[in-house]
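Below: one structure, written as structure tokens.
The values are calculated or read from the model by the stated rules, or taken from the named source; none is laboratory data. None of these values were measured; they are calculated from a predicted model. Here the Cβ positions follow ideal geometry from the backbone for every residue, glycine too, while neighbour counts run over all protein chains shown.
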Amino acid sequence: MDDAVSVRDLVVDRGRQRVLQGISCAVPRGTVTGLLGPSGSGKTTLMRAIVGVQTVGSGTVTVLGRPAGAAELRRRVGYLTQAPSVYADLTVRENARYFAVLHGRGRAEADRAVADVGLARAADQLVGTLSGGQRSRASLACALVGDPELVILDEPTVGQDPVLRADLWDRFHAMAAAGTTLLVSSHVMDEAARCDRLLLIRDGRLIADDTPDAVRATTGVDDLEEAFLRLIRASEQEADK
Amino acid sequence: MNFRILAATTGRILRQLRHDRRTVAMLVVVPTVLLTLVYFMYVDQPTVPGRPSVFDRVALIMLGFFPFIIMFLVTSIAMLRERTTGTLERLLTTPLGKIDLLFGYGIAFGLAGVLQSTLASLVAYQVFGLDTAGSQWLVVMIAGLNAVLAVALGLLCSAFARTEFQAVQFLPVVALPQLLLCGLFVPRGEMAGWLQAISDVLPLSYAVEALQEVGAHADSTGTMWRDVAIVAGATVAALVLAAATLRRRSG
């Protein structure tokens, strides 16, 4: 069992729209796996299915050896939603401490989680008074405070300045080196190069599931954005046949 | 249920309230201001010898009604905010149990309701000379219970509201029929049979009856305790129903 997450033939409908059209993929343990694709491609829906909050049509999602959404997984999986979901009328520290208790941790862990996302100086500020980027880092601190085995991060670096973004990616790799598995979504292709593995989805279908180097080798281009374009065109041509 | 998580959730909700000073001020001041209005409305009304004054009769019921209506509104909005800001979905991905969350709200806002009715009853008794045969603390207990009932109903109703506009409109739907039919305007025994039947299934009717028992008898009566038990039962039923409406998975 080397995969933290394995998804098989996953189909999800939202309303009358089919959002995921039979996706199969895996997230190996101890890696940073990037989930890339344009806005509306189904990234968030796939992440919600892995966390176990999405009603699925058919297919299976196995997380750390258990069916997604199993009660036991709630203490082993950390989830960062795309829109920062923290309490605007509490301070950063109060938010982190609350989520720390939910995960059976204490004040020291909460303060460390706040410092780790670079908010030590804003710890006593109300979240409602923070900038968008700070608010999303406060939300990230609450997702990481329980030191989960699997971390699902929906666009964690949006709106962060370049230095902070680099810091966050360093931290993700440090966590992976320590054994944590991370699935990180992004619609910015330049972040793809920072991942150990890539999942590219478009219109609810998986187009690539490989390492960045292998994607470059298959397509014969160095630039990942260009490589993805070629993969998308190739998959469209196949669909037309 | 996990007591550490329940305590942390209760503390978190009270902390949110504390950061919102204007809301705290309004929670404290509004019932007292309304009681002042009630006092001056009835101060010159003639009293029938041997019967409680109109102010005593109305103010006693209002001490139970104000925390009910205010806590219902505060809870509906607070829970809707949990839903719309995504914190509810996030909480449900953590080890927190649904009951921990709902009881957390019940305890936190229940405490706020008890504080509110303690202050309002202090003013009613000390400043406006409210006179009841029974103890002031029984009145505060019933008013506090009313606050918890309102929290439970608010949690339940917020499940059926998608927007703030909808949530606010549950107030006239849920609270006003209970006020109209509770026996304040027309004694319940004098209503048409079908109105009585509706009144009989509305929990506030029992809270009002319990308050009237305190108003009329020096010692707590069996009817009062039965009514208190019914209101407490309705509160637990609403909380359990509210838990059933919380889904960890959604479309």
* To do: Could you pull out the residue among B:L88, B:L63, B:L6 that is in a helix (DSSP H, G or I) and away from every other protein chain (no Cβ under 11 Å)?
  => B:L63
* Confirm whether A:L183 is within 24 Å of A:L164 (Cβ to Cβ), in contact (Cβ under 8 Å) with a residue 40 or more places away in the chain and out of contact with any Pro (no Cβ under 7 Å at 6 or more places or on another chain). => yes
* To do: Determine whether A:V77 is farther than 18 Å from A:R197 by Cα, within 13 Å of chain B (Cβ to nearest Cβ), out of contact with any His (no Cβ under 6 Å at 6 or more places or on another chain) and of a type in the set (A, V, I, L, M).
  => yes
* **Qualifying residues in region A:31-42 (those that are within 25 Å of B:T87 (Cβ to Cβ) and at pLDDT below 95) - the one farthest from the other protein chains (Cβ to nearest Cβ)** => A:S39
* Considering only region A:99-111, how many residues are assigned to a helix (DSSP H, G or I) and in contact (Cβ under 8 Å) with a residue 24 or more places away in the chain? -> 5
* Go through region B:1-49 residue by residue and tally those that are over 22 Å from the mean Cα position of the chain (by Cα), under 22 Å from B:M79 (Cβ atoms) and polar (S, T, N, Q). => 1
* Residues of region A:104-153 that turn out to be within 12 Å of another protein chain (Cβ to nearest Cβ), hydroxyl-bearing (S, T, Y) and surrounded by fewer than 21 Cβ atoms within 10 Å (Cβ to Cβ), as a count -> 1
* Of the residues that sit in region B:9-28 and are more than 14 Å from chain A (Cβ to nearest Cβ) and in contact with a helix residue (DSSP H, G or I) (Cβ under 9 Å, 6 or more places away or on another chain), which one is surrounded by the most Cβ atoms within 10 Å (Cβ to Cβ)? -> B:L27
* If you take the residues in region A:1-30 that are away from chain B (no Cβ under 14 Å) and basic (K, R), which one is nearest to B:G251 (Cα to Cα)? -> A:R8
* **Conditions (1) out of contact with any helix residue (DSSP H, G or I) (no Cβ under 7 Å at 6 or more places or on another chain); (2) farther than 22 Å from A:A177 by Cα: number failed by A:A4** => (2)
* **Criterion violated by B:S199 - all others in (1) in a helix (DSSP H, G or I); (2) under 15 Å from the mean Cα position of the chain (by Cα); (3) surrounded by 13 or more Cβ atoms within 10 Å (Cβ to Cβ) satisfied** => (2)
* Would a scan of region A:53-64 turn up a residue that is farther than 21 Å from A:G204 by Cα and more than 9 Å from chain B (Cβ to nearest Cβ)? -> yes
* To do: Please tell me if A:V5 is under 22 Å from A:L206 (Cα atoms), part of a strand (DSSP E or B) and either of a type outside the set (S, T, N, Q) or modelled with pLDDT of 95 or more (or both).
  => yes
* **Flag if A:D161 is facing chain B (nearest Cβ under 9 Å), charged (D, E, K, R) and out of contact with any Ser or Thr (no Cβ under 9 Å at 6 or more places or on another chain)** => no
* Of the residues in region A:45-79, how many are closer than 19 Å to A:P148 by Cβ and crowded, with 19+ Cβ neighbours inside 10 Å? -> 19
